[in-house]
Amino acid sequence: MHPRLRPILDSFQGKPEELIPILQRVQGAFGYLPAEVLADVSRFARVPESSVYGVATFYDQFRFTPIGRRHILVCRGTSCHVRGAADVLRAIEDHLGIKEGQTTPDLAYSLETAPCLGACARSPCMMVNRKVEAGVTPASVRALLRKANGHGAEPR
Amino acid sequence: MLETALAAGIYVPHLCHHPDLKPAGVCRLCLVQVEGRGLAPACRTPVESGMVVRTAGGDVDKARRIAVELLIADHQGDCLRCAKNGQCELQRIAAYVGIDEQRLARLRPPSRRLPVDSSNPFFERDPNKCVLCGICVRTCQSLQGAGAIDFAFRGYDTQVSTFGGGPIAQSRCESCGECVVRCPVGALAVKNARQPSREVRTVCPYCGVGCGMYLGVQGDRIVGVRGDPESPVNRGRLCVKGRFGHGFVHHPQRLTAPLVRKNGRLVPATWDEALDAVARGFAPHRGHRFAAIASAKCTNEENYVIQKFARAVMGTNHVDHCARLCHAPSVTGLVQSLGSGAMTNSIDEIRFAACIFAIGTNTTSAHPVIGAEIRRAAQAGAKLIVANPKEIELARAADIFLQHRPGSDVALLMGMMRVIVDERLADEAFIAARCENFGPFCDSLQRFDLDTVEEITGVPREKIAQAARCYATNRPAMLFYAMGITQHTHGTDNVLATSNLALLTGNVGRPSSGVNPLRGQNNVQGACDMGALPNVLPGYQRVDAPEVRAKFESAWGCTLPEIPGLTLTEIIDAAGQGEIRALYLVGENPVLSEANARHVEEALGRGAFLVVQDIFLSETARLADVVLPAASFAEKDGTFTNTERRVQRVRKAIDPPGESKPDWWITCRIAQRLGGKGFEYPGPSEILDEIARLVPSYGGISFGRLEVGGLPWPCPSEGHPGTPILHTQRFATKDGKARFVPLEYRPPAEACDERFPLVLTTDRSLIHYHTGTMTRRVAGLSALEGEELVRMNPVDAQALGIADGDMVEVSSRRGTMRVRARLTDACPPGVVSATFHFAESRTNELTNAALDPVAKIPETKVCAVRVQRAG
């Protein structure tokens, strides 16, 4: 068993209904849900591995690949959409060479979208490691990411 | 409501309902109009008195049509090329509802093609044809208990998926095919399926569970197998071997003509030549220089004839079979304590047990259908205790898992009993009324305080106490065991410990309780019943009892030897020492199955006249002077007796290939050539009639009665219904009481040391069977598992510099084998395991032939080994 998993499981009793909180803690600790860790979670929570996978794929919050050091979340809410979020997303994809849902091979960036970040008044917006960047344009993407490199915040 | 309607002949379309599963109500096709309530899914609506229900018309048709259209719009595939064409529920429903092409065209979604999973050798998964009814998911979770698949993703992306979406062959899938037979459409389909032109009802030839099945036949070939839903043993279920493992019957290596050794080589001969050669070889060695080894794979009638031939014609009690290597201690042990060495209860009672204790049995691998039944009972709320040195599959379903050291079973069980006695959880009324020798037994418990037991077994004391309380307080409790208990030098003690535990808690003689040894071979129970044992005649009637001999002598018209014969292991030793000069070996492969197997090969090569009767030229048959080609289970009539003592009919489906003949026919011809009288049977039915006359517990069993279904013995008379539960009124002992037996802990015969620091324990794979003679000749089974793997803990492997998949050498004091290593946490540090299914990696050349002093079983479960990377 992974040494970082043991302390997480110690705070649960090993019941099927604990699966989602366990997965949240695992993702909190590892940044994603590693397959070998999920096998142990399955055994502990007494839920078949296939059902663990079923639950984890049902909810958007869970991911199976490592997250980048800088996690970018582009808003696709109505307001952002109207004000050009699709162009912003394409600009980031072009700049980083990855698609939505992917991580750069050097684990520097990962890119995802969100249905709404709740900052509609400042659209189009995105989040880099939980910090909201407002009024983003395709032209400002490059500078923003350079700035993100500088502030050295830890990924979520 | 749906079932009521269907039973009344009113068709209500449905996709997600299956009678074996709880209703899910997801397909929305069985919607009906309930007056005063509107639309309701019939599958999930209970029928109430006074209800008025419309199954068609108006809103019902409209709602149904929309649901069907959406399904069809998303259903890709060409019906004519689909394996389920003509049996597809969606086709049937579409025809019933009526489909409008124009309405469909409007719905067709952007084409999406998902990859087809062909990784399993027996079936294909095509997600493009899937209707997401969930029958496969529910079957895998609740019926089989494997949980290999579930719904993954969401909305339109929803699909049935393995963990991580990988190929099914690399998942936890047990290849039982239960999902495939239940899939209403072509999403799950058997590869190369062919429709049989007729079906023959028979019994599976693999393990002791004895599942009822139908062989589907086209011409002279078996093209498919399906479970017999009427069988109380398996209620239609089968495992991977039973459902897909029949290909060996048509294997080109089947023996089709007798072989006689000439100038050192086995060459084809006629039956006359071969039988003459056998008679010439056997004739000079009548008496104690002859031995016969019968077969737990052959029918009752065949085993009966073999032992009758050995005793009545050859004048010796040297007759035994492979039960010696599996359940001899169950017979010696349970006869002592309960009076009868068989499962006390039946498989059908598992679902009503409050507690199940499985010790020394990897049930889901070795007895898969019983394993699934145990998992199912555990899901339904029965407490499950699993004790095993390895973390076996069943341990995942267990409430309490005790991982004790190999060979420490007596200590573990006595420790549990000590807790039960100390905490006054014993069934004192039962003990007082039905048992004896409780006092001395209690005294022997004194040595098993939990500190000592923890030290011997390696199991924390709290867990032992917890298991003891769980077993004692959840009644009725059913105890199961298999080779993990018996294959030890203290196998008889282990067995006695299990019966002590059951007696202590009053768990014998009641429904869903008992001591239940799971028998390995399809007919090992029957071979024992038929007296293929050196000390008893058919029906466990002792050869050293004059009145018994007199009865058989008058029936058989001969004089019978009175001294009990040698056991299987002793027969082989005696052959090696030149004391046995002629050996008749039927359907066994001791060169692979016996402990210290190299010794066996040497002993059989020592010049004794060896006749082997088999369906293939096995490793043992290659050493023979004469090889006689036998018919397989599918090519003959007879009866098998399964692990729960149920005598079941085996029926001939096809003709034996070439010149091969049923074993009973061959043995009778040999007996006649040697002057034997009373071997002129027209067929197996008449042999069974003779058995019924001589064996009281088979007294009421005949081919005629078995037409309807199996009968569990004792079935003493024509009208007797059979006995699923033993010892309900009295035990089968002389005074009718069960006997507690005081026990001591004895360690295994071989201890680890610096040179051989690891314990090797042998086990079984789900995919293969015994020495692989049958399963390795089924291409699909070999594709699923093609080679031996020694399983070891990553900690041990790391210390030895071994990585997963490395070729390693495993050596014991007796031999060495080269195999690949598989690293797994299922093996605790210090313990490695291997099967013995593969002739090229002969695990039993390593194992220790040290014997249990009473049962004479070798200790194949514990031997000291060393593992190193192969150079």
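Just so it is clear, none of the values below were taken in a lab; they were calculated from the coordinates. Here the structure is a predicted model, which is why all the values come from computation and not from measurement. Positions of Cβ are generated from backbone atoms using ideal geometry, with glycine treated the same way; all protein chains shown enter the neighbour counts.
How far is it, in nm, from the label point at B:ARG746 to the one at A:GLN24 when both lie 7 Å from their Cα along the line to the Cβ? Placing both labels 7 Å beyond Cα along the Cβ direction yields 5.9 nm.
Full extension of the chain segment joining B:ARG693 with B:ARG54 gains 224.0 nm, where the gain is 0.36 nm per residue of separation less the Cα-Cα distance.
Here the dipole of the stretch B:469-582 is about 620 debye; that uses its Cα centre as origin and unit charges on the Cβ of Lys and Arg (positive) and Asp and Glu (negative).
As a proxy for reagent exposure, ranking B:ASP796, A:ASP106 by other Cβ atoms within 10 Å from fewest up yields A:ASP106, B:ASP796.
Applying the criteria of a DSSP loop state and at most 16 other Cβ atoms within 10 Å to the GluC sites (Glu not before Pro) of the stretch B:67-137 yields no site.
How much net charge surrounds B:GLU644 when only other residues with a Cβ under 10 Å from its Cβ are counted (Lys, Arg +1; Asp, Glu -1)? Before the final figure, lay out each step's value.
Working: positive: B:ARG519, B:ARG645, B:ARG646; negative: B:ASP348, B:GLU349.
That sum, taken over residues with Cβ under 10 Å, equals +1.
Note on the stretch B:447-487 and the stretch B:674-742: Cα centroid distance 35 Å, given to the nearest whole angstrom. With q set to 0.26 Å⁻¹, the log10 of I(q)/I(0) for the stretch A:62-125, from the Debye formula over equal scatterers at the Cα positions, is -1.05. Size of the stretch B:763-836: Rg and Dmax of its alpha carbons, in Å, are 13.1, 38.
Full extension of the chain between B:LYS62 and B:ARG469 yields a length gain of 140.7 nm, computed as 0.36 nm times the residue separation minus the alpha carbon distance.
The dipole here belongs to chain B: it is taken about the Cα centre, uses +1 on the Cβ of Lys and Arg and -1 on the Cβ of Asp and Glu, and is about 1620 debye.
Helix B:491-504 and the long axis of chain B differ in direction by around 60°, with both axes built from C-alpha atoms. Paramagnetic label reach from B:ARG813 (point 7 Å along Cα→Cβ; backbone nitrogen cut-off under 18 Å): within the stretch B:744-776, residues B:746-762. Dipole magnitude for the stretch A:70-151: computed about the Cα centre from +1 point charges on Lys and Arg Cβ and -1 point charges on Asp and Glu Cβ, it is near 280 debye.
How compact is the protein assembly as shown by the rule of thumb for globular proteins, expressed as Cα Rg over 2.2 N^0.38 Å?
On the way: Rg = 32.1 Å, N = 1027, 2.2 N^0.38 = 30.7 Å.
In units of the globular-protein estimate, the protein assembly as shown measures up at 1.04.
For a label point 7 Å from the Cα of B:GLU686 along Cα→C-beta, name the residues of the stretch B:620-648 whose backbone N is under 19 Å from it. Only B:636-639 pass the distance filter. Listing B:TYR11, B:TYR681 from fewest to most neighbouring C-beta atoms within 10 Å gives B:TYR11, B:TYR681.
Global dimensions of chain B from alpha-carbon coordinates: Rg and Dmax equal 28.4, 90 Å.
Count Lys and Arg as plus one, Asp and Glu as minus one, and take only other residues whose Cβ is under 10 Å from that of B:ALA312; the net charge is then +2. Averaging the sequence gap over all C-alpha pairs within less than 8 Å and six or more residues apart, then dividing by the number of residues, gives chain A a relative contact order of 21 percent. Annotation: extensible slack from B:VAL47 through B:SER118 equals 21.3 nm (criterion: 0.36 nm per residue apart, minus Cα-Cα distance). Structure note, pairs B:LYS241/B:LYS856; A:LYS15/B:LYS383; B:LYS262/B:LYS652: Cα-Cα distances above 27 angstrom occur for B:LYS241/B:LYS856; B:LYS262/B:LYS652. For B:LYS677 and A:LYS15, a Förster radius of 56 Å and the Cβ-Cβ distance give a FRET efficiency of 0.20, rounded to the nearest 0.05. Go through B:PHE123, B:LEU90, B:ILE420 and say which Cα lies farthest out towards the positive end of the charge dipole of chain B; charges sit on Cβ, +1 for Lys and Arg, -1 for Asp and Glu. Of the candidates, B:LEU90 comes out farthest on the positive side.
Taking label positions 7 Å along the Cα-Cβ direction at both B:THR270 and B:ASN85, the computed distance is 5.1 nm, reported to one decimal.
Think of the protein assembly as shown as having a plus end and a minus end, set by charges on the Cβ of Lys, Arg, Asp and Glu; of B:ALA411, A:THR113, B:VAL34, A:THR113 sits farthest toward the positive end of this dipole.
If you take the beta carbon distance between B:GLU35 and B:LEU70 as r and set R0 to 30 Å, what does 1/(1 + (r/R0)^6) give as a FRET efficiency, to the nearest 0.05?
According to the calculation, E is roughly 0.65.
Rounded to the nearest 500, the helix-only mean residue ellipticity at 222 nm of chain B stands at -7500 deg cm²/dmol, with each DSSP H run of n ≥ 4 adding -39,500 (n - 2.57). Between A:GLN102 and B:ALA870, the modelled label-to-label distance comes to 4.2 nm, taking each label 7 Å out from Cα in the direction of the beta carbon.
Computed over the alpha-carbon atoms, the stretch A:5-58 gives an Rg to Rh ratio of 0.90, Rh here being the Kirkwood radius from the mean inverse distance. Exposure proxy for B:PHE290, B:PHE609, B:PHE153: other Cβ atoms within 10 Å of each Cβ, ordered fewest to most, give B:PHE153, B:PHE609, B:PHE290.
Under the rule of -39500 (n - 2.57) per DSSP H run of 4 or more residues, summed and divided by the residues of chain A, what mean residue ellipticity at 222 nm is obtained, to the nearest 500 deg cm²/dmol? Each step should come with its number before you reach the end.
On the way: 7 runs with 67 residues, N = 156.
Helices in chain A give a 222 nm mean residue ellipticity of -12500 deg cm²/dmol.
Which of rounded, prolate, oblate describes the stretch B:667-775, given a ≥ b ≥ c as roots of the alpha-carbon gyration tensor eigenvalues and a/c under 1.5 marking rounded, otherwise prolate only if a/b is larger than b/c? Oblate shape, in that a/c is at least 1.5 and b/c is the bigger or equal ratio. Work out the charge dipole of the protein assembly as shown with +1 on the Cβ of Lys and Arg and -1 on the Cβ of Asp and Glu about the Cα centre, then indicate which of B:VAL459, B:ALA575, B:ALA398 is farthest towards its positive end. Positive-end residue among those listed: B:ALA398. Taking the alpha carbon gyration tensor of the stretch B:711-850, multiplying each eigenvalue by 5 and rooting it gives semi-axes of 40, 24, 13 Å, largest first.
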